[in-house]
1. Across region 160-169, which residue is surrounded by the most Cβ atoms within 10 Å (Cβ to Cβ) among those that are part of a strand (DSSP E or B) and without any contact (Cβ under 8 Å) to a residue 60 or more places away in the chain?
2. Given the conditions (1) β-branched (Val, Ile, Thr); (2) more than 21 Å from residue 147 (Cβ to Cβ); (3) open to solvent by less than 30 Å² (accessible area, probe 1.4 Å); (4) at pLDDT 95 or above, report the number of the one that residue 9 does not fulfil.
3. Free of Cβ contacts under 8 Å to residues at least 40 places away in the same chain and part of a helix (DSSP H, G or I): does that describe residue 11?
4. Among the listed residues 113, 99, 104, 153, which satisfies the condition of being free of Cβ contacts under 8 Å to residues at least 60 places away in the same chain and small (Gly, Ala, Ser)?
5. Across region 41-51, which residue is most open to solvent (accessible area, probe 1.4 Å) among those that are over 22 Å from residue 78 (Cα atoms) and touching a helix residue (DSSP H, G or I) at 6+ places or on another chain (Cβ under 8 Å)?
6. On the basis of being within 23 Å of residue 23 (Cα to Cα), open to solvent by 30 Å² or more (accessible area, probe 1.4 Å), hydrophobic (A, V, I, L, M, F, W, C) and within 16 Å of the chain's Cα centre (by Cα), does residue 95 make the cut?
7. For region 58-105, which fully contained strands (runs of 3 or more DSSP E) count at least 1 residues that are of a type in the set (Ser, Thr, Tyr) and farther than 16 Å from residue 135 by Cα?
8. Which residues, counting only those in region 147-159, are open to solvent by less than 50 Å² (accessible area, probe 1.4 Å) and either more than 22 Å from residue 88 (Cα to Cα) or among the small types (Gly, Ala, Ser) (or both)?
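The values are calculated or read from the model by the stated rules, or taken from the named source; none is laboratory data. Keep in mind that what you see is a predicted model, and the values were worked out from it rather than measured. Methodologically, a virtual Cβ is constructed for each residue, glycine included, from the backbone with ideal geometry; neighbour enumeration extends over all protein chains shown. Each accessible area value is taken on the protein alone, full model and side chains, heavy atoms only, with ligands, DNA and RNA left out. Shrake-Rupley method; radii C 1.70, N 1.55, O 1.52, S 1.80 Å.
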Amino acid sequence: MNIELVRLTDEYKEHLFEMLPEWKKDIEINHTNMSPRKLWESDFRDFDSYVKSFETAPDPKNGLVPDTTLFCLDKDRDIFVGAVNIRHYLNEGLLKTGGHIGDGIRPGERRKGYGTAMIALALDECRKLGIDRVLMCCDKCNIGSAKSIIKNGGVLENEVEEDGHVEQRYWIQIS
């Protein structure tokens with residue numbers, strides 16, 4: 001597997017336009033997880049505004065912490081296979097159920113090992129940011145995400161239930 005995490009630039013516009021409609025359709029039809037949520041906060045078809053949306057300043061009053069959104073590029077196939085959103089530190093809400101890393105793999109590329117590999121690359125990015133203990137959360141029903149987190153050293157701390165929805169909280173020591 002020959003992948004890397006890249007920032008979204010004009011060079012990758014077609015990659016994005018090819019990936020997100022497939023992903024959005026899966027969300028609408030199968031009601032799958034929208035992680036990383038940052039991908040869906042703006043309309044990707046307005047590409048310039050979409051790219052700028054990833055550069056927004058943190059706003060602690062509104063619960064926004066500094067973050068970095070990166071796309072997972074399969075270099076051999078020249079396609080985006082997923083994305084990660086890395087929060088540079090945790091606020092109260094992220095500590096409870098969000099975590100440092102929100103990640104997702106596009107529907108047609110799931111169950112191929114990309115999630116596990118992409119999380120490993122995201123952990124390298126966390127290390128560069130000086131984060132030595134990373135929290136990752138996933139829906140209890142999302143067995144694939146849990147497996148990818150565990151394969152990267154995730155240790156289940158607990159489960160948090162809100163309105164009948166159960167999130168699992170895993171810690172990964174990377175120092």
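1. We begin by selecting, within region 160-169, every residue part of a strand (DSSP E or B); these are 160-162, 165-169.
Cutting the leftovers down to without any contact (Cβ under 8 Å) to a residue 60 or more places away in the chain gives us 161, 165-166, 168.
Details: 161: 10, 165: 11, 166: 11, 168: 21.
So the residue we want is 168.
2. Unmet for residue 9, out of (1) β-branched (Val, Ile, Thr); (2) more than 21 Å from residue 147 (Cβ to Cβ); (3) open to solvent by less than 30 Å² (accessible area, probe 1.4 Å); (4) at pLDDT 95 or above: (3).
3. Working: free of Cβ contacts under 8 Å to residues at least 40 places away in the same chain: yes; part of a helix (DSSP H, G or I): yes.
Considered against the rule, which asks whether it is free of Cβ contacts under 8 Å to residues at least 40 places away in the same chain and part of a helix (DSSP H, G or I), residue 11 comes out as yes.
4. Numbers: 113 fails: free of Cβ contacts under 8 Å to residues at least 60 places away in the same chain; 99 fails: free of Cβ contacts under 8 Å to residues at least 60 places away in the same chain; 104 fails: free of Cβ contacts under 8 Å to residues at least 60 places away in the same chain.
Within the list 113, 99, 104, 153, the selection yields 153.
5. This residue is 41.
6. It is false that residue 95 is within 23 Å of residue 23 (Cα to Cα), open to solvent by 30 Å² or more (accessible area, probe 1.4 Å), hydrophobic (A, V, I, L, M, F, W, C) and within 16 Å of the chain's Cα centre (by Cα).
7. Numbers: elements: 67-74, 79-87, 101-105.
Those strands (runs of 3 or more DSSP E) span 67-74.
8. So in region 147-159, the residues open to solvent by less than 50 Å² (accessible area, probe 1.4 Å) come out as 148-149, 152-154.
Matches in region 147-159: 148, 153, 154.
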